[in-house]
1. Residues of the range 34-47 being in contact with a helix residue (DSSP H, G or I) (Cβ under 9 Å, 6 or more places away or on another chain) and either within 16 Å of the ligand (Cβ to nearest atom) or closer than 20 Å to Tyr99 by Cα (or both), which ones?
2. Could we say that Ala369 is within 30 Å of Arg253 (Cα to Cα) and open to solvent by 50 Å² or more (accessible area, probe 1.4 Å) here?
3. Residue under question is Gly23, and the condition is that it be closer than 19 Å to Ala104 by Cα, within 14 Å of the ligand (Cβ to nearest atom) and at pLDDT below 95; does it hold?
4. Hey, any hits in the range 381-393 for a residue that's outside any helix (DSSP H, G or I), within 21 Å of Asp8 (Cα to Cα) and open to solvent by 50 Å² or more (accessible area, probe 1.4 Å)?
5. Could you tell me which of the residues Gly122, Gly189 is within 26 Å of Met1 (Cα to Cα), more than 15 Å from the ligand (Cβ to nearest atom) and out of contact with any Asp or Glu (no Cβ under 9 Å at 6 or more places or on another chain)?
6. Looking at the range 227-343, what strands (runs of 3 or more DSSP E) fall wholly within it and have at least 1 residues that are hydroxyl-bearing (Ser, Thr, Tyr)?
7. Of the residues Asp8, Asp81, which is over 19 Å from Thr396 (Cβ atoms) and in contact with a Lys or Arg (Cβ under 8 Å, 6 or more places away or on another chain)?
Amino acid sequence: MTVEANFDGLVGPTHNYGGLGSGNVASITNAQAVSSPRQAALQGLAKSKALADLGLIQGILPPHERPYLPKLRQEGIGGTDEQVLFQAANRSPHLLQTYSSAAAMWTANAATVSPSADTANGKVHFTPANLVAQPHRAIEAPVTSRILRAVFPDDARFQHHLPLPVGTNFTDEGAANHTRLARSHGEPGIELFVWGRRAHDFAADPYLPRQSYEASVEVARLHGLSNAIFARQHPAAISAGVFHNDVIAVGDRDLLLHHELAFADPNLIEQVRAAFGNGLTVRTIMEEQVPLSDAIGSYVFNSQLIDINSRRILVAPDDIDDYPNVREAIESIEEIDEILTFNLRQSMRNGGGPACLRLRVVLTDQELAAVNQACLLTDERYDELTAWVNRHYRETLSPDDLGDPELMRESRAALDELTGILHLGSLYNFQLEE
Ligand code: SUG
């Protein structure tokens with residue numbers, strides 16, 4: 001059997017609202033609000049557990065080390081760890097916030113993953129996203145690479161590529177701009193790559209498109225795909241705050257759900273249908289029924305479409321309840337049997353809904369057996385992780401707390417323990433330096 005496993009990002013202990021997300025309305029709106037790292041992590045884990053209880057294979061990917069002192073030192077701030085934090089907090093709170101972001105929680109941006117059924121050499125391919133469009137996320141790729149290799153360690157089954165080279169040509173945001181459609185998870189499918197800019201576009205715009213066409217083409221080439229389609233995101237969507245395609249479209253196997261203004265090319269759907277062959281269902285939500293602003297406000301397209309015992313479930317943020325037109329639109333889609341909502345408001349305030357928090361990895365039985373089993377969520381591991389969060393995470397965090405050396409020590413202690421729980425070995429700089 002072949003299944004779709006979902007690997008959720010565990011929210012890190014420095015979760016805060018930095019206003020750092022370019023083109024991301026929620027992040028910009030909530031800048032400098034007080035956060036709750038503990039609630040954020042527990043909300044994410046509760047979603048993961050609920051989906052595991054339904055029968056989904058649910059994995060966990062760890063947070064990254066934050067505040068990230070090596071980067072602050074590179075920016076010219078020296079001294080002991082405590083001095084670096086003190087100086088950063090005084091000289092440039094923005095810089096400190098940049099390198100304290102817990103953004104690695106949104107694992108839809110961790111990598112692009114192609115299942116073995118689609119790739120030329122029959123392995124599962126991973127390309128960590130370089131995330132170079134934003135400084136606070138551009139530091140994720142090296143640690144993400146280490147994590148993915150530790151979670152998917154078998155070279156005979158998993159092929160790990162380097163992140164695309166840093167530069168303006170290849171701006172890559174990972175699976176958030178990638179949708180796979182197939183008759184079933186195990187059959188060869190088509191992979192839809194959605195991009196927002198060309199390498200030579202340099203607009204100084206707060207709603208700058210992030211994913212480049214060149215990056216999408218390069219990932220498809222690395223993965224050995226013969227079935228890729230490249231689609232330009234609709235500029236109107238980007239300007240309204242659709243910074244990733246998964247804020248405006250979602251697909252699962254033979255169902256593609258999208259907003260009328262998701263794609264620039266009016267013929268794209270026909271192209272996708274032709275590539276798929278018979279049996280693809282496409283549901284288009286019209287601007288008239290759900291304006292872009294409601295699609296973004298409710299984050300309805302940032303839902304997970306999952307299949308449990310042949311029932312299709314939309315796993316949505318509970319924010320959709322504030323939008324009756326959105327609910328009505330979804331309820332009218334006959335292919336969706338149930339809508340399950342979750343309170344993910346801590347992550348949502350930074351523009352991260354259910355779909356942002358997970359990386360989909362389609363795996364055969366043998367591939368699943370080769371995954372680091374300690375990273376799969378069981379009842380025991382859920383209990384262990386919630387106890388770990390309750391032990392280490394602060395209930396509230398304000399931007400002024402980020403310079404507190406105690407927070408750095410707490411975070412390191414938490415992550416050190418976590419690499420033990422998830423059997424990951426030494427991952428973090430502070431562990432490797434010792
Ligand atoms: O890259 N927010 C993230 C949200 C990522 C959502 N992911 C997907 N759509 N798949 C981003 O904009 C905000 C951080 C802050 O403001 O503190 C942030 O990085």
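1. Of everything in the range 34-47, those that are in contact with a helix residue (DSSP H, G or I) (Cβ under 9 Å, 6 or more places away or on another chain) and either within 16 Å of the ligand (Cβ to nearest atom) or closer than 20 Å to Tyr99 by Cα (or both) turn out to be Val34, Ser35, Ser36, Pro37, Arg38, Gln39, Ala40, Ala41, Gln43, Gly44.
2. Taking the combined requirement at face value, the residue satisfies it.
3. yes
4. no
5. Gly122
6. The strands (runs of 3 or more DSSP E) meeting that bar are 281-285, 338-342.
7. So the residue among Asp8, Asp81 that is over 19 Å from Thr396 (Cβ atoms) and in contact with a Lys or Arg (Cβ under 8 Å, 6 or more places away or on another chain) is Asp8.
Conditions tested, residue by residue: (1) open to solvent by 30 Å² or more (accessible area, probe 1.4 Å); (2) part of a loop (DSSP other than H, G, I, E, B); (3) without any contact (Cβ under 8 Å) to a residue 40 or more places away in the chain.
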site	(1), (2), (3)
Leu164	no, yes, no
Gly167	yes, yes, yes
Thr171	no, yes, no
Gly186	yes, yes, no
Val194	no, no, no
Glu214	yes, no, no
Arg221	yes, no, yes
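The values are calculated or read from the model by the stated rules, or taken from the named source; none is laboratory data. Source: prediction; values computed, not measured. Counting neighbours? That spans all protein chains shown, and the Cβs are built from the backbone with ideal geometry, glycine included. Accessible surface is based on the protein model in full, side chains and every heavy atom, while ligands, DNA and RNA are left aside. Shrake-Rupley method; radii C 1.70, N 1.55, O 1.52, S 1.80 Å.
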